[in-house]
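> Input: one structure, supplied below.
Any read-out appearing in this document is the output of simple, stated calculations on the displayed coordinates, not a laboratory observation. Small disclaimer: the values here were computed from a predicted structure and weren't measured. Here the Cβ is made from the backbone with ideal geometry for all residues, glycine too, and neighbour counts use every protein chain on show.
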Amino acid sequence: MAYLALYREWRPQTFGAVVGQEHITRTLRNAVEAGRTAHAYLFCGPRGTGKTTTAKVLAKALNCLYRNGPEPCNQCASCRAITEGLSVDVIEVDAASNRGIDEIRELREKVKFAPASGRYRVYIIDEVHMLTNEAFNALLKTLEEPPRHCVFILATTEPHKVPLTILSRCQRFDFRRIAPDEIAGRLREVAGGAGIEAEEEALRLIARAAEGGLRDALSILDQAAALGEMKVTAADVHNLLGTVRADLLARMAGYLAAGEAGPALRLVGELTGMGKDLRLFAREMAAFLRVLLLEKISPGASAGEAWGDTSTIAGSAALFSEERLVRAIDIMVEAEQDMKWSSLPGVVLEIALVKACRPEIAGDLPSLAARVADLEKKICELAAGELEKVPGVVIIPGEREGLPAVENTGRDGEGETAGVLVEQQEPLLRCGAVWGASAAEAGPPREREAAAAGPEERPEPGRVSGLEEPEASSGEEAAAAAGGGDPAAGLERVRAAWGDVIDVLRRERPMLCAVFEKAAPLQVVEGSLVVGFPEGEELGMRMAERPDNKKYFEGLLGRSLGGEWQVAYKFYQGKVQMPSPREEPGASINRRFGGEEVILEDGQETLF
């Protein structure tokens with residue numbers, strides 16, 4: 001007898017042997033046992049998920065001579081004839097080659113004949129969506145009211161192509177893709193029964209490559225067994241499928257997480273030298289990154305993905321943030337699609353890997369968002385480090401590790417203390433004002449001594465509405481002088497000159513002026529100015545952070561205040577009190593437009 005392929009030899013012969021379709025087999029089993037089978041069924045779903053197999057099991061259950069319960073006995077003459085494909089009462093029709101109206105008319109004539117040996121004549125029409133519209137119309141009446149001894153089972157992989165008039169006359173069952181762990185379990189069972197020695201990793205590779213189809217998995221196992229002389233190894237499966245090992249995928253993921261474009265491109269060169277299909281590698285890389293994202297969002301959820309050691313998955317996922325993983329998956333999926341139509345697929349893959357490693361070179365929105373997130377993180381770290389050096393600033397532990405809160409105190413004009421609370425939270429640096437403590441109860445030691453000494457010995461009162469600049473020490477003066485900045489240009493001086501800076505902006509760059517009109521100076525540290533934007537003004541901050549705009553604004557501060565300045569931006573909460581305008585409205589208008597004010601005497605008339 002000729003060799004029988006594994007997927008045919010190990011085809012399930014009972015409802016219980018069908019893998020991964022419990023929702024369907026349970027319904028059919030109950031219907032057979034209760035005698036409530038329908039006259040027409042529609043089995044739809046992906047290839048290799050058990051549609052035709054289930055149809056044959058149902059046909060055997062309906063015609064079994066010694067059936068005990070819902071399962072066929074597989075021993076009687078009827079069951080054996082159906083299993084061997086010799087039964088005249090079970091007719092399989094290939095709609096792909098018998099799709100015309102003449103074939104359907106012939107079928108309509110045959111359904112009138114009674115079954116030869118069983119109780120039912122079962123028609124299994126495979127790939128029913130291939131029938132023409134005329135053939136579907138010819139089948140309608142027969143499908144709706146067939147003879148009592150006739151049962152139709154329609155199978156298709158594309159149910160959307162079946163007319164609604166046909167769908168409404170059938171009981172529809174949707175077969176789902178089989179999970180990789182279920183496929184691996186069935187492969188283990190088949191390999192043991194067929195005398196094939198198979199490695200566990202090889203079975204996982206086959207299950208993952210089958211993409212939910214058990215028939216495909218059995219075909220790959222059959223081919224690998226022939227290659228390895230009844231011994232299936234992971235290396236043989238990789239050679240058959242053209243896939244790469246999981247450790248290489250983990251290596252590439254590490255390069256993407258670290259932003260190392262050079263090693264990533266060298267790894268692509270190694271794969272090319274090994275003869276691997278780069279498009280298949282891009283698809284596998286996207287699938288691997290998807291598993292990392294699944295592990296990142298829901299730890300342990302990737303256990304059924306047949307990727308092997310879960311600790312390796314968890315370790316690779318820890319290298320990424322969720323945003324970076326999503327961006328990398330988008331890039332790899334897009335690259336896999338572009339490689340399909342490109343004459344240089346290797347170049348497409350290499351460009352995609354460089355984009356994934358270096359967000360700054362791409363101009364799309366996800367890349368810009370990644371760059372902004374990195375900048376915000378660096379600004380938060382820089383601001384937290386600088387605030388620790390400010391005298392009178394108390395660092396309060398934040399709610400989460402690495403997110404400190406900062407408290408600073410000062411005095412307002414009425415002798416009351418104004419405390420400022422700054423709490424760093426990713427991705428923004430939030431600032432809000434806390435008021436109400438007296439000068440004797442709060443503030444730095446210098447402030448408390450001044451409050452206890454009495455009003456006549458108090459220093460000059462000032463307003464604190466953001467982060468008050470500390471007094472510059474000799475070291476700070478030297479650093480400021482070395483950097484070109486004026487140590488006397490403190491926060492109050494910057495705030496006093498802020499109106500002039502905005503006026504110059506309005507004349508020279510009106511669009512940028514609209515952004516900075518909503519901003520306010522918050523802190524001056526060694527020639528560096530921290531400019532705050534109200535919370536929610538992300539677009540304005542992004543425009544201000546553009547390199548050309550930032551360079552221009554730093555130069556403008558140098559022209560207005562002298563020296564060299566550096567600018568950093570962050571968000572704040574609450575209100576920032578700025579000095580009241582020093583000019584009258586008329587003087588401001590004259591200064592802006594270069595005119596002069598003319599006061600008319602009583603009785604004079606002016607002609608406009």
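> Provide the FRET efficiency to the nearest 0.05 for the ILE91-ALA194 pair, computing r from the beta carbons and using R0 = 41 Å.
Between ILE91 and ALA194 the formula returns 0.85.
> So, one more: Could you tell me which of the pairs LYS296/LYS377; LYS296/LYS550; LYS377/LYS550; LYS340/LYS377 are separated by over 27 angstrom between their Cα atoms in the structure shown? Don't skip to the end; give the middle numbers.
Numbers: LYS296/LYS377 20 Å; LYS296/LYS550 36 Å; LYS377/LYS550 18 Å; LYS340/LYS377 38 Å.
Table pairs above 27 Å Cα-Cα are LYS296/LYS550; LYS340/LYS377.
> Something else: Taking the alpha carbon gyration tensor of region 317-378, what are the square roots of 5 times its eigenvalues, largest first, to the nearest whole Å? Intermediate values should be presented prior to the final figure.
Working: eigenvalues 114, 29, 16 Å².
Equivalent ellipsoid semi-axes, largest first: 24, 12, 9 Å.
> Can you figure out the FRET efficiency of GLU508 with GLU260, using R₀ = 51 Å and their beta-carbon distance, to the nearest 0.05?
Details: r = 42 Å, r/R0 = 0.83.
After rounding to 0.05, the efficiency reads 0.75.
> From zero up to wherever the largest Cα-Cα distance of region 6-174 sits, split into 5 Å bins and tell me the percent of pairs in each.
1, 9, 19, 23, 22, 16, 9, 2, 0
> Here's a follow-up. Whole-Hz ³J(HN,Hα) for each residue in region 101-110, computed from phi via Karplus 6.51 cos²θ - 1.76 cosθ + 1.60 with θ = phi - 60°, x for glycine and proline: what do you get?
6, 5, 5, 6, 5, 5, 5, 4, 6, 6
> What list do you get for SER342, SER219, SER97 if you sort them by fewest beta carbons within 10 Å? Write down the numbers at each step before the final one.
Values: SER342 14, SER219 17, SER97 10.
If I rank by nearby Cβ atoms, fewest first, I get SER97, SER342, SER219.
> May I have the pair-distance distribution P(r) for region 140-247, computed from all Cα-Cα distances with 10 Å bins from 0 and rounded to whole percent?
Values per bin, smallest distances first: 13, 35, 18, 17, 14, 3, 0.
> Once the other residues with Cβ under 12 Å from the Cβ of GLU103 are scored (Lys, Arg +1; Asp, Glu -1), what is the net sum? Walk me through the intermediate numbers first.
Numbers: positive: ARG99, ARG105, ARG108, LYS110; negative: ASP94, ASP102, GLU106, GLU109, GLU134.
With Lys, Arg at +1 and Asp, Glu at -1, the neighbours total -1.
> Give me a comma-separated list of calculated 3J(HN,Hα) values for region 190-203, in order, Karplus coefficients 6.51, -1.76, 1.60 applied at θ = phi - 60°, integers in Hz, x for any Gly or Pro.
Along region 190-203, the couplings run 5, 4, x, x, 8, x, 9, 8, 10, 6, 5, 5, 5, 5 Hz.
> Taking amide H positions as placed 1.01 Å from N in the peptide plane, with prolines and chain starts having none, which residues 5 or more places from GLN171, or on another chain, fall under 5 Å of its amide H?
Answer set, sorted by chain and number: ALA40, TYR41, LEU42.
> Report D for region 246-362 in µm² per second (integer): Stokes-Einstein, Kirkwood Rh on Cα pairs, 20 °C, 1.002 mPa s. Intermediate values should be presented prior to the final figure.
Values: Rh = 14.2 Å.
Once the numbers are plugged in, D ends up at 151 µm²/s.
> Determine the distance separating the Cα centre of region 519-546 from the Cα centre of region 318-356; give it in Å without decimals.
If you average the Cα positions of each part, the centres end up 34 Å apart.
> Note down the nm distance, to one decimal, between modelled labels 7 Å out along Cα→Cβ at GLN337 and at ASN133.
Placing both labels 7 Å beyond Cα along the Cβ direction yields 3.1 nm.
> Further, regarding this structure: Residues in region 18-37, backbone N under 18 Å from the label point at ARG119 (7 Å along the Cα-to-beta-carbon vector): list them, ranges by number please.
Inside the label zone: 27-37.
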